[in-house]
Amino acid sequence: MLSIEQALNEMLAQLPAPQQTETLPLSQASQRICAADIISPINVPSFDNSAMDGYAVRLADLAQSRTLSVAGKAFAGNPFNGEWLPQSAVRIMTGAMIPAGADAVVMQENVQLNEDGTVTFNEMPKLGQNIRRAGEDVKQGDVVLKTGEKLTALSLPLLASLGIAEVPVFPRLKVAILSTGDELVPVGEPLSSGKIYDTNRFTVKLLLEKLPCEILDFGILPDDEALFEKAFLQAQEQADLVITSGGVSVGEADFTKTILEKLGTVNFWKIAMKPGKPFAFGKLEKAWFCGLPGNPVSALVTFYQLVQPAIAKLSGYSQWQAPQQLKAIASENLKKGVGRKDFQRGFYWVNAQGQLEVKAVGFQGSHLFSAFIESNCFIVLEAERGNVQAGEMVTIEPFNELLD
Ligand code: AMP
Ligand code: MG
């Protein structure tokens, strides 16, 4: 059996980053992957401006008298452009351009307005006080976004604020999905005896919708050699990656194996993980291939642990972060057999002492999906570890946005 780390390393070593790029207007680029370092064409702010409503002053004027006349006004978008006579201040609003020669802005709460229209400054301001300097936020030439970052509601407005209207992105990865099995019925149709609903294709579709992918749904394949071959040939013509579920475990593997070996180089792995274990990975003539196990929980866990990073690599999402791992106290005993790495469905919380605690949720069988809905993390138990006693520390992996 292969460890999950070996399987993942092998996959990532083989999978290439995308070569092509396309350019999109910002409004269409959300959730796409940035295909070049983005360099700021301007300073932000682009001019010195006031951080307060108040008065722009020259310290030399205040050194002579704390009472000054008012030379004029500066508004955001409408700079002061009158003559700034000695011994005067400029009334200024937040965001307005700082008049040339000003040393500081004094907030209006700290001045006294006199009946004759002059203002008296209670304190001597500090040099540069309440002035936001040009380039303080972003300097012209700064790299504001790196290749391989996802474009989000945080990064896209930053680009907008720099006047950047278009962004280079990697093309969406084309992913063909299909389920295999004579027993499968599409969700929404009546079930006859011995049949089950095709959960996996639905799950995989939902997960792919959260990734920079275009989904090509090839439906359900009956366990028929000729149909199999035809479907794979079609799928690889249209897709960069083909994801199947079912038919990779012992018994069925031979049949899937013959065809996939005819069409490319696919490894049928037994991965030392639970749930999971059977998993196929390789290359068809024209597309990459991932074969998930049929059990719905195994399919979801292997997708999350193995296919998610693979898709990140293929779609150029080089800044993708593997799900964070934390340490938590097991609040109850956990059953664990030595030999495989377990990904138990868990629920974690912060206890009264501020520590993380976790418990396993429901029955951990790989065919039981129901426990998943109560969970918010995986409890990751090392292959060599046996049963866990309440109070021991375990590793948890809070679900990332894929399982939100
Ligand atoms: P297999 O890997 O094809 O031997 O399937 C293992 C188990 O998962 C069997 O009980 C299948 O009926 C079930 N299974 C396979 N594909 C699906 C699917 N798309 N949705 C739900 N269950 C499935
Ligand atoms: Mg099957």
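For segment 177-195, taking the residues that are within 14 Å of Gly219 (Cβ to Cβ) and of a type in the set (D, E, K, R), the one that is farthest from ligand 2 (Cβ to nearest atom) is identified as Glu189. How many residues are assigned to a loop (DSSP other than H, G, I, E, B), near ligand 1 (Cβ under 9 Å from one of its atoms) and not charged (D, E, K, R) if we restrict to segment 158-200? Residues flagged as assigned to a loop (DSSP other than H, G, I, E, B), near ligand 1 (Cβ under 9 Å from one of its atoms) and not charged (D, E, K, R) within segment 158-200 amount to 1. Lys270 falls short on exactly one of the conditions (1) within 14 Å of ligand 1 (Cβ to nearest atom); (2) open to solvent by less than 50 Å² (accessible area, probe 1.4 Å); (3) touching a residue at least 60 places away in the same chain (Cβ under 8 Å), and that condition is (2). Is it fair to say Val338 is of a type in the set (A, V, I, L, M), part of a strand (DSSP E or B) and either outside the structural domain of Ser298 (by the TED database) or within 24 Å of the chain's Cα centre (by Cα) (or both)? No. The conditions of being among the aliphatic types (A, V, I, L, M) and in contact with a strand residue (DSSP E or B) (Cβ under 7 Å, 6 or more places away or on another chain) are not met by Ala322. I'm checking my understanding of the structure. Among residues of segment 228-251 that are within 14 Å of ligand 2 (Cβ to nearest atom) and in contact with a strand residue (DSSP E or B) (Cβ under 8 Å, 6 or more places away or on another chain), which one is most open to solvent (accessible area, probe 1.4 Å)? So the residue we want is Val250.
Among the residues making up segment 58-78, those that are within 14 Å of Ile92 (Cα to Cα) and not hydroxyl-bearing (Ser, Thr, Tyr) are Arg58, Val70, Ala71, Gly72, Lys73, Ala74, Phe75, Ala76, Gly77, Asn78. The lone criterion from (1) open to solvent by 60 Å² or more (accessible area, probe 1.4 Å); (2) farther than 20 Å from Asp404 by Cα; (3) part of a strand (DSSP E or B) left unmet by Lys313 is number (3).
If we scan segment 89-99, do we find a residue that is surrounded by fewer than 17 Cβ atoms within 10 Å (Cβ to Cβ), farther than 30 Å from Glu209 by Cβ, out of contact with any Phe, Trp or Tyr (no Cβ under 6 Å at 6 or more places or on another chain) and at pLDDT 95 or above? Yes.
For segment 249-273, a tally of residues being among the aliphatic types (A, V, I, L, M) and within 30 Å of the chain's Cα centre (by Cα) returns 4.
Hey, does segment 263-274 have a residue that's of a type outside the set (S, T, N, Q), in a helix (DSSP H, G or I) and touching a helix residue (DSSP H, G or I) at 6+ places or on another chain (Cβ under 6 Å)? Yes, some residue in segment 263-274 is of a type outside the set (S, T, N, Q), in a helix (DSSP H, G or I) and touching a helix residue (DSSP H, G or I) at 6+ places or on another chain (Cβ under 6 Å). Residue count for segment 105-133 satisfying the condition of being outside any loop (DSSP other than H, G, I, E, B) and within 43 Å of the chain's Cα centre (by Cα): 5. Looking only at segment 201-224, decide whether some residue is open to solvent by less than 30 Å² (accessible area, probe 1.4 Å), in a helix (DSSP H, G or I), within 16 Å of ligand 2 (Cβ to nearest atom) and closer than 30 Å to Thr152 by Cβ. For segment 201-224, residues open to solvent by less than 30 Å² (accessible area, probe 1.4 Å), in a helix (DSSP H, G or I), within 16 Å of ligand 2 (Cβ to nearest atom) and closer than 30 Å to Thr152 by Cβ: present.
Whether any residue in segment 298-307 is surrounded by fewer than 16 Cβ atoms within 10 Å (Cβ to Cβ) and away from ligand 2 (no atom under 13 Å from the Cβ) is what I want to check. No.
Yes/no matrix, rows are residues, columns are (1) basic (Lys, Arg); (2) under 14 Å from Pro45 (Cβ atoms); (3) in contact with an Asp or Glu (Cβ under 7 Å, 6 or more places away or on another chain); (4) modelled with pLDDT of 95 or more:
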{"position": "Leu68", "(1), (2), (3), (4)": "no, no, yes, yes"}
{"position": "Pro79", "(1), (2), (3), (4)": "no, yes, no, yes"}
{"position": "Pro86", "(1), (2), (3), (4)": "no, no, yes, yes"}
{"position": "Gln112", "(1), (2), (3), (4)": "no, no, no, yes"}
{"position": "Asp116", "(1), (2), (3), (4)": "no, no, no, yes"}
{"position": "Phe121", "(1), (2), (3), (4)": "no, no, no, yes"}
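The values are calculated or read from the model by the stated rules, or taken from the named source; none is laboratory data. Keep in mind that what you see is a predicted model, and the values were worked out from it rather than measured. Glycine gets a Cβ as well: all are built from the backbone with ideal geometry, and neighbour counts include every protein chain shown. Accessible surface is based on the protein model in full, side chains and every heavy atom, while ligands, DNA and RNA are left aside. Shrake-Rupley method; radii C 1.70, N 1.55, O 1.52, S 1.80 Å.
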